[in-house]
Each structure stands twice: as C-alpha cells, then as structure tokens.
1. State the answer as a single residue: which of T524, V460, P511 lies farthest towards the positive end of the charge dipole of the stretch 418-535, with beta carbon charges of +1 for Lys and Arg and -1 for Asp and Glu, about the Cα centre.
2. What shape does the stretch 39-170 have by the C-alpha gyration tensor, where a ≥ b ≥ c are the square roots of the eigenvalues, rounded means a/c under 1.5, and otherwise prolate means a/b greater than b/c and oblate the rest?
3. Using a 1.4 Å probe on the protein heavy atoms, what percent of the accessible area of the stretch 440-596 belongs to carbon and sulfur?
4. With only Lys, Arg, Asp and Glu charged, each at its Cβ (+1 for the first two, -1 for the last two), find how big the charge dipole of the chain is about the Cα centre; round to the nearest 20 debye.
5. Over all Cα pairs of the chain, how is the pair count split among 10 Å bins, expressed in % and running from 0 up to the last occupied bin?
6. How far, in nm, would the chain grow between D316 and Q282 when pulled straight, counting 0.36 nm per residue and subtracting the alpha carbon separation?
7. Between D150 and D52, what is the spin-label point distance in nm, taking each point 7 Å from the Cα along the Cα→C-beta axis?
8. For the stretch 163-243, which trypsin sites (Lys or Arg not before Pro) are in a loop by DSSP, counting at most 16 other Cβ atoms within 10 Å?
Amino acid sequence: MSAEPSTINFDPDELGKKYRLERDKRLRQDGNEQYQEVSGEFSYFVEDPYLDEEIEREPLEDEVEVLIVGGGFGGMLAAARLREAGIDDFRIIEKGGDFGGTWYWNRYPGASCDIEAYIYFPLLEETGFVPKQKYTNAAETLEYCHIICDKYKLYDNACLQTEVQATVWNEDEGRWLVTTNRGDKIRARYVVHSNGPLNRPKLPAIKGINDYKGHTFHTSRWDYAYTGGDTSGNLSNLKDKRVAVIGTGATAIQCVPHLGAAAETLFVFQRTPSSVDVRNNQATDPEWISTQEPGWHNERRNNFETLLTGGSVKKDLVADGWTEAFRLLFGTLRSKAPSKIKMFSWAATSVFSSEMYKSGFKEYMTKKATDYMDLANAMQMADYQKMEMVRARAEEIVKDKETAESLKPYYNQFCKRPCFHDEYLPTYNRDNVHLIDTDGKGLEEISEKGIIFNGVEYEVDCIIFATGFEVGTDYSRRAGYQIHGIDGMTVSEKWGNGLATFHGMHSKGFPNCFFFGPAQSGFTATYTYSLDEQSIHLAYILEEVKKRGATRVEASKEAEESWIKTIIEKARLTASFQENCTPGYYNNEGKINQTPQNNMYGGGPIEFFSLMKKWRSKGKLEGLELN
Ligand code: NDP
C-alpha cells in the first residue's frame, strides 16, 4: 500500500495485518446465537424499575383510525406529523410508564447523546426549545419528550404501561385487531410499528448467569434503588461495593466514569475496545441560536448527514468529531479525484478493498482500476491516521501502559459505533478501577460469587450488563409481539428468509401496516432525522389515501420485488467494508451477506430522503395498491 511518508508515522501493512488478526480473533460461528434472550427465567432483566405507580384501568374495546405502537421519538414524531396533517384519531400504545422510548429505558448514570443536540432533537423550530448544551443528557431529553407531548397533546391519545401482544388483520372488516397485556381489544384501520431498533436488551449466554447470588441488572433498567444517585451520577450506595461491568460499548463508555467514581472497586470486562475520541461539550450560546433563520434545523441536520455520506457542503455546520472523521476521509478522496466522489452509506465509507471494486464499482473497474485502487488506499490511509490519533489518545491519557494498550481499538473507525467522551479513559487512572481485557474472547462463566475469567474468580457484589440490544434476530422477538397479515401469514414467516418491504415501510400481505426503522430504509447517525422523514412520509400517504376515497393500502408485488433488488444492489457498496470489520451488531456479528436484502438503503440517507421526496412529488403513490 502506498503512503505519503511526510505525514505517516506507521506501517500501513503492519496495521492491516493487525486489523485482520484482531477481527479473526473475534469471528465466531454462533453469531447472534451467542446471546441469551431475556425471557422466561431471565425476564427479571426487563422489568420496569422506573414506575412510580402502576396504572389500573378497565380493558378497552373500541376503534381508532391509526394505532401507533411505541411512544419513543418514532411514535411521537408519527403522532405529531399526523396531527399537523389533521389526522387526530390515533392512539399510541407504549409499554413504558411514559413517553421517551430509548430515553425512558436508558437512564443509566451519564446517559447522554453524543450526536449534537441541535440536530438530534427533532421539531426544534416547532417547539422553540433551546438545548442547554451542544450534547444533551438523559434528563434534558426526557424533559424535551414531555415538551413535544404537551405541544401535540399526545397524552390525550396514549395508553401507557401497555404492551401490545398481537396485531391481526381482518380482511373482511379491513381492520387490524390489536390485543394487549391489559386485555384491550382495539380495532384500527392503520397500524404503525415504531417499536425501536435497539429495544430488546440482550445478555451474553454466559454459563451460570442465574446462579449468581449477588445483585445484577442491565444498563437499560438501571437500579438506582441499589446504586443510589441519578442520571447525573453520585452513586453513593456503591462506596463499599465491588462492582463488575460487562461490555465496553457506547453505553459503558458513559456509565463507567460514574461507577469508577463511586464504587469501592470496579472491574470492567472488555471484549473489544471502543474508539473513544474527544467530545468537548459546550454550553449553548443563546445569541447564536436566536439568530438562526427559519429552516435552520433541517438545514443543519441535512448538512451533517451530507458530510457523513461523502457529500459536499459549503461549511461544516456541526464541526465535531463525527464530521471531522468524515471530512478527513472524503477530503482525501476529494483532493485526489474531485469528479469521482460518489455517495456512500456512512457505515460503508472507509475501506474499499479490491473485492469491493469487483462487486460495487464494476463500471469504474473497467475504466480506471488503478486510479480507484489509489483512492481506496488513500481513504484507508486516512482511516488509519484517524485511528492512530484515537489510539494515541488512549496512550496519552491512561498511565498504566498495559491498560492503555488494551484500550486501543484496531479496526476502521466506523466498524463499530464511534464514541466521544472525555472522562472514560481517565477513569482507568483510578486505583480502584481495573480493566480486565478478555482479548476478544469475551466472558464465558459466572459463579455464585462473581465472574470467572482465565482461572481467576472476581468476587463482586453487583454485575452490570452493558451488553447492548438485539439486532438481527426475528422481528417479532424484538418487537415483543407478532403481526398476522392476510390469511394469518406472520411477519416472522414472511421475513424468515430475508426482509421484504417497499421503501422499508410497507410489506405485501400486510395492508394498512407501516413499519418504522432502519431496515431497507435510509438510516441516519442522527436517528431522529430518519424517524422524522418516515413520519412525514406516513402522514403524506395517509392524507393521499383519504383524498382518493380509499381505505386500504398495500404494496404491490412488483414494487416490493424491485425495492428488494435495489437494496441488494446498494448493499454491495457496504459488503466488503463490513467483512473486514471486527464483529458487532453493525455487521450482524460478522455473519454478513447471508441475506443481502437484510440491509438499510446502501446509497445513504440523503439519497434515500430525496428519492422519497421525489416519489411524493409525483403524487401517484406508485407501487402502492389502493382500494
Ligand atoms: P453495544 O452492543 O454497542 O455494546 C455491547 C458490549 O458488550 C460490547 O462491548 C460487546 O463486545 C460486549 N459484550 C457482548 N458479549 C460479551 C461477552 N460475552 N463478554 C464480554 N463482553 C461482551 O451496546 P451499547 O448498549 O453499548 O450501545 C448500543 C447502541 O446504543 C450504540 O451502538 C449506539 O447506537 C446507542 N447508544 C448511543 C449513545 C449516544 O450517545 N447517542 C450512547 C449509548 C448508546 P464486542 O464489541 O466485542 O461485541
């Protein structure tokens, strides 16, 4: 690989070898099967610790026009956009005690959003809300959810503490029957499934979890009654406790500093280190926000996502660690071949290996293969350089050399969710904090007293699972309920051999049913942006269906087949990149490409949004069958 000696102080070939070694170490046959579903004897891990009081109410037997499953940002945005479109006959069913979704559940100490608040918070111009800081925290986010709910009067249309158990289509009636754990039987003409892509906590299937006699919980059900404190920290009950955390993903990065500050002893069990870059949070400048012109919010989030997909913008408005990484990558590309920039999915950016040229860039391959190999190398070099900076940061901050070495990530930056934090790495300089590096192996055994690794038993009072959420398992398992379409066909059956949707939102055989989420759709790092675009799309379709006097809408077979083809075609852009990555939920735990249609739209979100906008502007509802 060619390098520019003046700027490079590493050996790219050696680094390439090291990356492959680190990936190979972690590849495993069992993929998603390595995790334990939180059901049956494990269901205590998903009980709601945040409820003040359980609601008592009679079961409902009634009918609504639109039923929305989920009161997270997706459900709130869907409802808000429906209200704006004059559709008020909707009901939101939410299993938590309040709105908030991911933010209702994830209240661990230090929980915050490392995507800028001015783009992460949706509806900012509509509500006039000003986030206090560039990066918000869990408390402010929940406060903001209440502001949205009040503005759009969502509590009037909500059934909280209620879990959907099934949705069943009745073709004769043209209605869905939605049943819940409270005995509700609600008929709905339309159902919107916004149940959250990271909603179901997962546990590693470690031998002995249920034998452990100490205290234990998952980060998404934080037990403050045990730890003391709140989302801002101060976990005072831990001062005489020995605590273990399993996992070092984006969640652990945020809660470990608080655990380290509070616990008598903290053991952090690591399988793969995260890349932890500078966060640099700042207070919002009130003058800056007051001088923004109407339309600023959409422009800003579009500017951010454009940069993250290799597009060109006049100015990097957000200017943070995310955009810096992409400016570096695409800046290299742009300076080398300005006319040849293509839009790529943000998750697919940095490595374009030779296989990728064969599959994704055939047309270029035939023209100027060497040019493009140079570009691929240049981008890989930019990624190496960026990650060298991340690794150097660990070395600079963490005093113990062995610990610092263990904290260095050896993979391309967007193989895993990049993290931005200023207190995580310094936590390892505390005498009471110990990193137990499993060197890619992960943990395999828990005893009655604690965690066993490499023949050593770490006795602890509490084990906290920061092990993330199910991705890539069966849809209904993650949602927690089944969807039965025409002739009783379930969504699990329909998607058993691969996702099949039109625009990610409709699926043939499931009329009047709308799916929210990243599957076969445009996915943004600012996830609320995708959800807002999906909400706008939903409101448009329901308005148009009504205008045409129809009451039933379903994707045509041809439209669905053609969309699957598009997804497969575009997925090729990301395949090689993902193959080269260490396993994780971004690449289906290393088992990629078995069903290439199980992907998001590989052309990137901005391309996807503009495709949807164009589709709407034609006004024909092409691909949808109306009756
Ligand atoms: P992740 O899935 O990202 O992390 C799970 C962690 O558990 C990984 O470090 C994983 O290691 C580890 N793990 C799994 N099995 C084992 C095992 N057997 N032994 C040891 N370790 C194990 O979950 P998170 O909850 O951290 O984050 C989920 C997502 O939530 C993020 O990717 C992000 O999208 C979102 N999030 C966003 C934040 C924000 O600021 N916007 C903040 C927090 C979360 P390995 O990597 O090897 O698989």
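The values are calculated or read from the model by the stated rules, or taken from the named source; none is laboratory data. None of these values were measured; they are calculated from a predicted model. Here the Cβ positions follow ideal geometry from the backbone for every residue, glycine too, while neighbour counts run over all protein chains shown. Surface areas here come from the heavy atoms of the whole protein model, side chains and all, with no ligands, DNA or RNA. Shrake-Rupley method; radii C 1.70, N 1.55, O 1.52, S 1.80 Å.
1. The one lying farthest along the dipole's positive direction is P511.
2. Values: a/c = 2.15, a/b = 1.18, b/c = 1.82.
Cα axes put the stretch 39-170 in the oblate bin.
3. Working: 2770 of 5700 Å².
Solvent-exposed carbon and sulfur of the stretch 440-596 make up 49 percent of the total.
4. Working: 74 positive and 93 negative charges, 440 e Å.
That gives a dipole near 2120 debye.
5. Each 10 Å bin holds this share of Cα pairs: 3, 16, 26, 28, 19, 7, 1, 0.
6. Numbers: separation 34, 0.36 × 34 = 12.24 nm, distance 1.73 nm.
In short, 10.5 nm is gained.
7. If labels sit at D150 and D52, their model points lie 1.5 nm apart.
8. On the way: sites: R175, R182, K185, R187, R189, K202, K207, K213, R221, K239, K241, R242; in loops: R182, K213, K239, K241.
Passing both the DSSP loop test and the Cβ count: K213, K239.
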